[in-house]
Amino acid sequence: TRKRQSVICRYPNGRLVLYCKGADTVIYERLVDGNHNLKKRSIDHLEQFGNSGLRTLCLAYKELNNDVYESWNQKFIVAKSSLHDREKKLDEIAEVIENELILIGCTAIEDKLQEGVPSCIEILSKGGIKIWMLTGDKMETAINIAYACNLVNNDMMQFTISSDTDAIREVEDRGDQVQTARYIQGSVKQDLDRYLQDADNFLNNPSRPKLTLIIDGKCLTYALESCLRGKFLRLSLICNAVVCCRVSPLQKAQVTSLVRKGARKITLSIGDGANDVSMIQAAHVGVGISGFEGMQAAMASDFSIAQFRFLSDLLLVHGRWAYLRLCKVITYFFYKNLTFTLTQFWFTFQTGFSGQRFYDDWYQSLYNVIFTALPVVFLGLFDKDVSASLSKRYPELYQEGIRNMYFKWRVVAVWAFFAIYQSLVFYYFTTIASKYGQNSSGKIFGIWDVGTMSFTCVVVTVNIRLLMACDSVTRWHYISVGGSILGWFVFIFIYSSIMTPFDKQENIYYVIYVLTDTFYFYLALLLIPIAALLGDFAYQGLQRWFSPYNYQIIQEIHKDEKDDNRRNESLHIKNDLTPEEATSYAISQLPREKSKHTGFAFDSPGYESFFASEQGIIASHKAWDVARRASMRSRSNKTTT
C-alpha cells in the first residue's frame, strides 16, 4: 500500500540521512518545494524510460536533525511494539518523517518478458478468457508491456483514465488535498460515463473494434469507491482487456475481489512476487511463478509453475480435462445411484409400501464400495476427449467449459431420464419374466431370486454404461469394469454358500446356484442389459450426428491421427544453420555473468568471447573482453605474489 521504502543512515561523522525510493507518483507528493528544473527533467526522463518499456523508480533523501530523529524513533518503537493496529500506526509514524524530501533522480531497468508469454496470452484469449494486467509500473511502461505480450494491439480502441493530465497537475500544485481529491473523483466519474456511453454504442455495432481500458492507480482509488464501483466494473467487463498501472498490492486484491463478487465470475490470479500474494489469495484460483523474485507467490498459491507460458497447459489442457472428468464423475454417480434406488422404489408399489426389501443389505452396502467403485476412479483419472496438442491447437474448446456445457440441467436431466428408463427395465423385465421361469426343482422364483437377478443386471449395465461415457478407453478401464463385474460374481457365490449359526442367511442361501442352473438366468443376463442400454446408444449416436459438441467435431477431423503425433513431429526440426549462426547459437548457450548494474537476472552485455574461449569455441574478440582478461591477469598476479 505504501509504494515506497525508506532507510535512515547514520554516517561515521554523526550525519543522519533518510533515503527513500518508490513510485514517482508517491515520491513527488512528498518533495520539498523548489528545484523545479530537476523535477521537470526527471519527469521527462521517466516518460522517456516508460515509453521504452523500462521499469522506473524515483529516489529522494532528507537531512535529519539528531533531536528530531530521536523523538521520532521513540514513537516508531512504540508503534512497532503495539499489539493493536500495528500496521496503521507504523504508516502514520512513517508519514511524519517521509516528507519534504529532496529529489535525487530516477532509475530505470529492463525487465524482459519470459519466453512464450505473448503466444500464451494470445491462445488464452482465443479460449474465451478475459485477461487483466495489474502492475505497479508507470502507465507508459505498462502499455509497452501490454503491446509486447499481445494483450493490446493497434486495432483496439483504448479508453484511458489517467491522473497525469495538465488540469489535475494544476489542481495538485495548489496544495489543497481535499480539493484535489474531489477534482480527481469528478474527473474519473466523467471519464467512466463518457466511455460507458461509447462502449454501449459499440455494442450495437456488429463490426465494432475491440476495446481496452487503461487506468492508473490514483484514478483506480476513486473508481473502486462505492459510488463508482458499479460503472467501473460494467465498463471493464465490456472491454476485451484491462490494464491497471501504478497499483498497490492492496488495489490488486480489491480489483480481483470486485470481479469475483461483483461480476460473479471465476477468477484466476497469477504472479511471481511477494507483492502479488494478496491478489493471488483473493482469486478463486491462485497461480504462483517460482523465479528470481523469491518463493512467496508460489508458497501462497494453489498451483505453482516455473514459467508463465505453462499457464496455457495448466488451463487449456489439464484444467479442461479436469472439468470434463469431474462433470462425468458427478453425473455418473448420480445416474448409477438413481438407477439402483429406483428399482427398489418400483418394488414398493407391489408391496403396498410395507417396507419389504428388494435387495439384501449386503448388496446395498457394497454397491458403491466395491461393485461400481473402481471404474469411476479410472474415469476421473485417465479420461480425455482430445489430446494435449489438439487442446492447445483448438483453444476455442475451452469456451465450452466457460459456458458450462457439460453440467447444465439438460445434461443432468438426460442422465436422470435414462436412469428412470433403465430402472423400469431392470425391475419389470425380471419380475414379469420370473412369473414363467422355474428352477431345476420345478418351483417358481422367489423374491430373493428375482432381487439377485435384478441386482446382477444393474451391476453389469452400469459398469458397461461407464465405458460408453468414456472418450478414451484404456486397458485400465477394461480391467476395472471387468474386475468389478467379476467381483460381484465372486462375492455372491461365496456369500450365498455360507450360513453361520449366529447370522443365518436363509433368504440368500444358495440363491445364485439355483439361478445359474436355469436358462432364464443367462437369457436375462444377455437381453436385459441390451434393452437397458439401447436407449443410451441411440441417443449418443443421434446427438453426435445431429448436434455434436465441438470436441466431437475435432475427434472426427483427427480420428486417423495418433495422440500427440503432431507434437512429436514438431520436436524434430531440421537444422540448417550457417557457420556464423551456429557460432552465435553456441555462444548463447554459454554461462553468463549476472550484471551488477541493471537489476537482477539480467546478463551483462559482454564477456561472450571470454566464455567462448574457455569452452573452446572461436569467437571474435571485443573491447570489453580485453579489459576483462587484463583484470583477471592482474588479479591472478596479486594472488601469486
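The values are calculated or read from the model by the stated rules, or taken from the named source; none is laboratory data. Being a predicted model, the structure only gives us computed values, none of them experimental. Please note: Cβ atoms are built from the backbone with ideal geometry, for glycine as well, and neighbour counts cover all protein chains shown. Heavy atoms of the whole protein, side chains included, go into the accessibility calculation; ligands, DNA and RNA do not. Shrake-Rupley method; radii C 1.70, N 1.55, O 1.52, S 1.80 Å.
Here are the numbers for the structure shown:
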| item | result |
| --- | --- |
| Neighbourhood charge, 15 Å Cβ-Cβ cut-off, centred on Ile215 and excluding it, Lys, Arg +1 and Asp, Glu -1 | +2 |
| Area accessible to solvent at Trp476, 1.4 Å probe radius, in Å² | 110 |
| Simple spin-label estimate for Arg264 and Val285 in nanometres, 7 Å along Cα-Cβ | 2.1 |
| Solvent-accessible surface ranking, highest first, for Tyr513, Tyr522, Tyr549 at 1.4 angstrom | Tyr522, Tyr513, Tyr549 |
| Kirkwood Rh and Cα Rg combined as Rg/Rh, segment 258-417 | 1.14 |
| Heavy-atom accessible surface of segment 4-109: percent carbon and sulfur, 1.4 Å | 52 |
| For segment 232-264 versus segment 180-199, the gap between their alpha-carbon centres in whole angstrom | 16 |
| Exposure of Glu170 as accessible area (Å², to 10), given a probe of 1.4 Å and all protein chains | 110 |
| Accessible area expressed per residue, segment 117-309, with surrounding protein chains retained (probe 1.4 Å, Å²) | 48 |
| Descending semi-axes in Å of segment 315-550, equivalent ellipsoid built from Cα gyration tensor | 38, 18, 15 |
| Across Lys126/Lys384; Lys138/Lys252; Lys39/Lys75; Lys21/Lys218; Lys21/Lys80, pairs whose alpha-carbon gap is larger than 27 Å | Lys39/Lys75 |
| Rounded to the nearest 10 Å², the accessible area of Asp164 at probe 1.4 Å | 90 |
| For segment 66-109, radius of gyration divided by Kirkwood radius, i.e. Rg to Rh on alpha-carbons | 1.13 |
| Cα-Cα separations in segment 87-149 greater than 17 Å, expressed as whole percent | 63 |
| Viscosity 1.306 mPa s, 10 °C: Kirkwood-radius Stokes-Einstein D of segment 182-242 over Cα pairs, µm²/s | 133 |
| Per residue solvent-accessible surface (Å²) - segment 347-468, probe of 1.4 Å | 46 |
| Separation in nanometres of the label points that stand 7 Å from Cα toward Cβ, at Ser472 and Ile104 | 5.6 |
| Residue order for Glu70, Glu140, Glu29 - accessible surface, 1.4 angstrom probe, largest first | Glu29, Glu70, Glu140 |
| Accessible area, probe 1.4 Å, largest first, for residues Arg30, Arg182 | Arg182, Arg30 |
| Positive minus negative residues near Trp72 (Lys, Arg vs Asp, Glu; Cβ under 15 Å) | -3 |
| Segment Trp545-Gln114, length gained on full extension (0.36 nm per residue, minus Cα span) | 150.8 nm |
| Kirkwood Rh and Cα Rg combined as Rg/Rh, segment 117-309 | 0.97 |
| Summed residue charge, Cβ within 13 Å of Gly230's Cβ, Lys/Arg positive, Asp/Glu negative | +3 |
| Rh (Kirkwood; distinct C-alpha pairs) - segment 4-109, Å | 15.1 |
